[in-house]
Amino acid sequence: MTVLEDSPAPSAPESDNGGGGLAFIAMAGLLIALVATVVVIGLIGLLRDEGAGPGGAGGGGDAAAGPVTLGLTLSEFAIDGDLVAQAGNVDLAVTNAGSQQHDLVVEELGMQTRMLNGGDSDALSLSSIGPGSYTLFCSVPGHRESGMEAELIVSTEPPTGEAAAGGSHGGHAADGEYDAEAMDAKMVESMLAFPTETEGLGNQILEPEMLPDGTKRFVLEASVIEWEVAPGEFVEAWAYNGQVPGPQIIVDVGDKVQVELTNNTPLGTDIHWHGISTPNSEDGVAPFTQEPIGVGETFTYEFVADQPRIGMYHAHFHSQISVLNGMFAAFRVGDRPYPSGQTISGITIPEDFQPDVELPMVLNDAGTIGLTLNGKSFPATEPIVVEEGDWVAVDYYNEGLTAHPMHQHQFPQLVYAKDGFPLDQPYWADTVNVAPGERYSVIFQAAAPGVWVFHCHILTHVENAEGMFGMVTAVVVNEAEATTEDATEEEPVTEDASAEG
Ligand SMILES: [Cu+2]
């Protein structure tokens, strides 16, 4: 369908209370102009439609007369709109109607819109586009695989009305038919690829330099690196110390902390200590609390970590670019507030509780990093390998743009802290929903052997027509090969068991 989308929408004139008569005449004039415009647009539309019809004569020069605008809508996770055009000058009017960031790439032409926030629009002018099939997709990692891919068909013939609207819908076959053999095989293959080792590992614990006065000094460099987000898939990540997530900083309550940051990214930056207690001057919110740290500049933060916290650090200035692209990391002050000795729904956690594995689980869904756990997309995500009966402590951190309900198969998660604050009433859950900016701390006992998947339950964050990807890992529980004594010790902790000990 050809629509004159370029025409500016007529806007209502503001009323002028001072000159009623004049205003009326002006209004009447505008109304007439408006009606005339509508009639003219209607006529042009009629003429164009006729020209575009199969039997239309004399419409041949139409495409060359001016660009035809195709409206395209991006959302989670589809590209919808007008996908058929006649060769000539074609404009793509692209709107992001979703809640996450998306862009649109025309693969064969190497053209790309800017990254669009929800509600934003951009246009691409495909001048003198020749007949053919052009692949459109969103370049945010994982989004194309989730369904944000479509074909733009450009032909020598004008499009017919019915063929013009189409779109992508999560890899479903357009006619409702599935190639079971091929799709099942892809799914199996993608899942059996887990785990695949990739270059680069995030969350490495950053060792401080001890200054003479006892200050713990940490050195960070922010720069743009090549990051293997999925096997063989390298993206431009914005990273602290060459890793995504950045290195973990762990200090004790009362420590004097110094963090020196050198900014080698292409934009000014700062570091906000999210959830950490600091003086205002160290809050890392340029330009309110400091000047932006310019490209190539170094800045040092200094504060006393006076409160126990499970926090994170990330850029605040240009965060919608730098954080989404990888500039985020975990920051903990003091010990995790485990619910030792507490009884929750009949299960008692031992007084001397110590998990066998402690790990951060940093969630992201946008930027160049895309749908990931700890900076990696399945099957590059790291499995959690434990012995039967082991306890695992996980801190969730959401550095992305949408919530992720993290579902652990089989083993209930005991949620004992929210944003690092110990809960008066911890609770058991198999799915923990983590919204942007939030942290939840959980423990669970790997009480049965096997491979137990652990994933975000927004299913398009973990699967597409090509198979499994994104926010999935697994707890791999090895059978306890122990003496009877050890086996008893590894029994799930119950109220009775704890009473004995
Ligand atoms: Cu998710």
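The numbers here are math on the coordinates, done by the rules we state, and not lab data. If you're wondering where the values come from, they're calculated on a predicted model, not measured in any experiment. Note that each Cβ is placed from the backbone with ideal geometry, even for glycine, and that neighbours are counted across all protein chains shown.
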Cα-only radius of gyration and Dmax that characterise the range 274-330, units Å:
11.8, 33
Evaluated at 20 °C with a viscosity of 1.002 mPa s, what Stokes-Einstein diffusion coefficient in µm²/s does the range 389-434 have when Rh comes from the Kirkwood expression over alpha-carbon pairs?
183
Taking other Cβ within 10 Å of each residue's Cβ, how do 404, 102, 272, 409 sort, fewest first?
409, 272, 404, 102
If each of residue 188 and residue 451 carries a label point 7 Å out from its Cα toward its Cβ, how far apart are those two points in nm?
1.3
If N is the number of residues in the range 317-457, what value comes out of its Cα radius of gyration divided by 2.2 N^0.38 Å?
1.06
Using a cut-off of 11 Å between beta-carbons, work out the net charge of the residues near residue 468 (Lys and Arg +1, Asp and Glu -1, residue 468 not included).
-3
Taking 449-455, 418-424 and ranking on average Cβ neighbours within 10 Å, highest first, one gets 449-455, 418-424
Using each residue's phi in the range 113-127, evaluate 6.51 cos²θ - 1.76 cosθ + 1.60 at θ = phi - 60° and report the 3J(HN,Hα) Karplus result to the nearest Hz, with x for Gly and Pro.
6, 6, 5, 9, 6, x, x, 7, 10, 8, 10, 10, 9, 9, 7
Considering the Cα positions of the range 67-145, please state its Rg to one decimal place and its Dmax as a whole number of Å.
11.8, 34
Size of the range 408-449 as Cα extents on the principal axes (Å, biggest first)
33, 22, 11
Can you spot the lysines whose alpha carbon is less than 30 Å from residue 186's alpha carbon? Ignore those fewer than 8 places along the same chain.
376
For residue 313, what residues show an amide H to amide H distance below 5 Å, using hydrogens built from the backbone and excluding near sequence neighbours?
274, 329, 330, 331
Distances longer than 22 Å among the Cα atoms of the range 201-349: what percent of all pairs is that?
42
Under 5 Å between amide hydrogens, which residues at least 5 positions from residue 265 or on another chain qualify, with H placed 1.01 Å from N in the peptide plane?
296
Can you find, among 205, 243, 232, the residue sitting farthest towards the positive end of the charge dipole of the range 196-262, where Lys and Arg contribute +1 and Asp and Glu -1 at Cβ?
205
Over the Cα atoms of the range 241-308, what radius of gyration and what Dmax do you get, in Å?
12.4, 35
How much length is gained on full extension from residue 178 to residue 264, taking 0.36 nm per residue of separation minus their Cα-Cα distance?
26.1 nm
So what's the net charge close to residue 263: Lys and Arg +1, Asp and Glu -1, counting the other residues with Cβ under 10 Å from its Cβ?
-3
Using each residue's phi in the range 132-140, evaluate 6.51 cos²θ - 1.76 cosθ + 1.60 at θ = phi - 60° and report the 3J(HN,Hα) Karplus result to the nearest Hz, with x for Gly and Pro.
x, 10, 10, 8, 10, 7, 9, 8, 5
Calculated FRET efficiency, residue 114 and residue 256, Cβ-Cβ r, R0 41 Å, to nearest 0.05?
0.45
Just the number: Rg to Rh for the range 217-261, Cα atoms, Kirkwood Rh, two decimals.
1.13
Nearest 5 is fine: what % of DSSP beta bridges in the range 319-419 come out antiparallel, could you say?
50
Of the listed peptides 362-374, 333-345, what is their order by residue-averaged count of other C-beta atoms within 10 Å, with the highest listed first?
362-374, 333-345
List the lysines whose alpha-carbon lies under 21 Å from that of residue 216, not counting same-chain residues fewer than 8 positions away?
256
Taking the Cα centre of each part, how many Å lie between the range 360-438 and the range 251-302?
26
One finds, for residue 221 and residue 156 with R0 = 51 angstrom and r their Cβ-Cβ distance, a FRET efficiency to the nearest 0.05 of 0.40
As an exercise, find the ratio Rg/Rh for the range 267-361 from alpha-carbon atoms, using the Kirkwood inverse-distance average for Rh.
1.13
